[in-house]
Amino acid sequence: MIRTLVYLDADLASSIALRYACQLTHIINMKLHTVHVEEPDHDGHVPGTGWVRRTWENTMLQTGEFEIAQLIKAEKSSCPRLDAPKMLFGDRENEVLREIQRESYDLFVEGSLHSFAAKKLFDKINSRLYRHIPCPVIIVKNLVDIEKVALIVRSEIESKKLISMFLKIFKGVKLKLDLVYCEFQEPEQLSSGAKKEINGTLSAVEEILVENQLPPENCLTIQGSPEEIGDALRDYGLLAFPLHHTISKKSDWFQLLGHIPSPILICWQ
Amino acid sequence: MRILAAVDQHPYSDRVIKDVAKLARNTWADVTLLGVGPKAMEIGKSSNCAGIKHPLAEKLRNYRRNFLDHFEKEDSPYEKQLCNYEFVEVKRGMWEELYVCRGARKDLKIVLRSGNPVKEILAQSQENDSDLIAMGCNKEGDCQWEGAINLPQKVANNATCSVLVVKEEKQIRKIVCCLDQERISQKSIEMINQMVTLYQTELDIVGLMDGPTLKPMVEKNLDAILKYYKARKIKAWIKLVEAASLEPFISQEARRSMMALWMGEHSLLSKMFTRGKVDKLIQRSKSSVLLLR
């Protein structure tokens, strides 16, 4: 069983992430755990020490707990196996990272609404949490049905790692899976076809998937600008993406990542 | 719903008739097809009562036929019912047997007006209490009406109701909908719903951020809008845009998508998006533009 941690705040992004994670439990043998971190003030100021501080922290946690409980209550009907959230106090990134390391979760899910400005996503990818996270991450940008999943193929070596992570979560699941190879071009030249790319990466990846009883329905090469390709990929309910922590903000790959409106499964390289 | 389709004799008006007919089929709207002629229009009264001598008169009749072709005769809300003799109370306590032709369930009016086209279109929309003015424009890139400078832009900026500017022959891939989520009206949400059905497209709902995050009320409303469309099986996506990036965002999206902007009296968008910017949007957008009010 896949053990998944869903991070929740009392906001729309978290609500969408929770609904999406609940959808995942319908297709994957998965147990959802939820966590919320109540942070001190933005300047990190914590009043007092000893019982004063503990009382203040408890009061903060109780307020947060009530809001998160409301959010979970709203999803209970579609996701009956949801337990009470784990409430933590402190720095969000540190606490979530510690929790993931302590409990050895297989997957981390969090909401981050699709944004025109890519900065927020870039900051997230470069955050301490993501740089040290030991498991794949799903960033839920929008609430979509998981009817079709795409594996984004970049190179054969990267893809092997991507597939091994992907199979750890999706092995044995009946999926409509496509393999997508992206070739970046100038705008206004979008094209998509079933042709295989020149260096044979798609064929090699297809072979590995077939060996693992997860044959893709289509192997596609999409050519266009990151913006156009991102738009063309919006039909997928999940896009598995190999990613290096060193990705540059101006790179076509990051631009593509920013333009994809669907949830992304990031498999770290 | 009351739709006013402003047309002339140029090909871009054909597309408007087609779109308005599809919209009317979904909404059973009362529709007025308005032709606005040149100022020095002469409508000759010939002996034949149907013989109005005006270049637009015949065109309007064609538009009516084209419009009605989108409906099955028996199901059409615009089809006149059978005529019959009926007693009608003409005065208190006095009835007269009259030959009565019961009207159609919905109105389809054909109106021809002369004068300044902008003024006439706006006046007709006021008289009809229209919910939507639909009009086309040429495809040369600056969205004009033949013989009238910036007509779609002027109507869009001055109308009190929603305005749809239909661009020619452009396949709409998605509708990008900038609503002011703090003051969202049910009417505008439904109008978007109709547009999505009309163009069979997906929907991007833009969440406008005045700061680094969304206001709680905006978030709440976005969630409600999302649930509304999901319940109607409309594929809706949320996209956050900072107020400072609104202009580049709109100019980028207008290249590929139909823009729908809520420009109500109290809307944040109408404050941020001035008349000049609306003009530019209508001129430069490659897809249709919908201004909601």
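The values are calculated or read from the model by the stated rules, or taken from the named source; none is laboratory data. Worth saying up front: this structure is predicted, and the values here are computed from it rather than measured. Backbone-built Cβ (ideal geometry, glycine too); neighbour counts: all protein chains shown.
Structure notes:
- The sole residue among A:Val137, A:Val144 that is surrounded by 19 or more Cβ atoms within 10 Å (Cβ to Cβ), of a type outside the set (Gly, Ala, Ser) and more than 14 Å from chain B (Cβ to nearest Cβ) is A:Val137.
- Under the condition of being among the small types (Gly, Ala, Ser) and farther than 18 Å from A:Pro136 by Cα, the residues counted in the stretch A:233-257 number 2.
- Single match in B:Ser287, B:Ser251 (criterion: closer than 30 Å to A:Asp235 by Cβ and not in a helix (DSSP H, G or I)): B:Ser287
Every residue, every condition in (1) within 11 Å of chain A (Cβ to nearest Cβ); (2) under 23 Å from B:Ile282 (Cβ atoms), yes or no:
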residue	(1), (2)
B:Met195	no, yes
B:Thr201	no, yes
B:Gly211	no, no
B:Lys220	yes, no
B:Lys227	yes, no
B:Trp237	yes, no
B:Met258	no, yes
B:Gly264	no, yes
B:Ser267	no, yes
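- Meets criteria (touching a strand residue (DSSP E or B) at 6+ places or on another chain (Cβ under 8 Å), more than 25 Å from A:Arg3 (Cβ to Cβ) and either at pLDDT 85 or above or not basic (Lys, Arg) (or both)) for A:Glu156: no
- Filtering the stretch A:99-124 to residues that are more than 14 Å from every other protein chain (Cβ to nearest Cβ) and surrounded by 20 or more Cβ atoms within 10 Å (Cβ to Cβ) leaves A:Ile100, A:Tyr105, A:Leu107, A:Phe108, A:Val109, A:Glu110.
- In this structure, B:Glu190 does satisfy being more than 14 Å from chain A (Cβ to nearest Cβ), on the phi < 0 side of the Ramachandran plot and either among the acidic types (Asp, Glu) or buried (at least 23 other Cβ atoms within 10 Å of the Cβ) (or both).
- Test result for A:Leu151, in contact (Cβ under 8 Å) with a residue 24 or more places away in the chain and away from chain B (no Cβ under 14 Å): yes
- Tally of residues being assigned to a helix (DSSP H, G or I) and either among the polar types (S, T, N, Q) or in contact with a Cys (Cβ under 8 Å, 6 or more places away or on another chain) (or both) across the stretch B:15-36: 2
- From the list B:Val176, B:Val165, B:Val196, the lone residue that is more than 20 Å from B:Gln9 (Cα to Cα), assigned to a strand (DSSP E or B) and in contact (Cβ under 8 Å) with a residue 24 or more places away in the chain is B:Val176.
- The set of residues in the stretch B:121-151 being among the hydrophobic types (A, V, I, L, M, F, W, C) and assigned to a helix (DSSP H, G or I) consists of B:Ile121, B:Leu122, B:Ala123, B:Leu151.
- Close pairs (6 angstrom Cβ cut-off, 6 or more residues apart or separate chains): within 12 Å of another protein chain (Cβ to nearest Cβ) in the stretch A:1-22, assigned to a loop (DSSP other than H, G, I, E, B) and surrounded by 22 or more Cβ atoms within 10 Å (Cβ to Cβ) anywhere: A:Ala13/A:Leu113; A:Ser14/A:Leu8; A:Ile16/A:Leu143; A:Arg19/A:Leu143
- Given (1) within 14 Å of chain B (Cβ to nearest Cβ); (2) part of a helix (DSSP H, G or I), index of the condition A:Ser77 fails: (2)
- Candidates are the residues of the stretch B:101-120 that are assigned to a strand (DSSP E or B) and either in the same structural domain as B:Thr160 (by TED's automatic domain parsing) or at pLDDT 80 or above (or both); the one that is nearest to B:Ala21 (Cα to Cα) is B:Leu108.
- Among the conditions (1) free of Cβ contacts under 8 Å to residues at least 12 places away in the same chain; (2) assigned to a strand (DSSP E or B), A:Arg102 misses just one, which is (2).
- Here is the figure for the stretch A:75-104: residues that are more than 15 Å from A:Glu39 (Cβ to Cβ), modelled with pLDDT of 80 or more and among the small types (Gly, Ala, Ser) total 2.
- Some residue of the stretch A:82-95 being within 14 Å of another protein chain (Cβ to nearest Cβ), out of contact with any helix residue (DSSP H, G or I) (no Cβ under 8 Å at 6 or more places or on another chain) and closer than 30 Å to B:Glu242 by Cα: no
- Whichever residue in the stretch B:242-256 is free of Cβ contacts under 8 Å to residues at least 60 places away in the same chain and facing chain A (nearest Cβ under 10 Å) and, among such residues, is farthest from A:Asp145 (Cα to Cα): B:Ala244
- So A:Gln70, is it surrounded by fewer than 16 Cβ atoms within 10 Å (Cβ to Cβ), within 14 Å of chain B (Cβ to nearest Cβ) and outside any loop (DSSP other than H, G, I, E, B): yes
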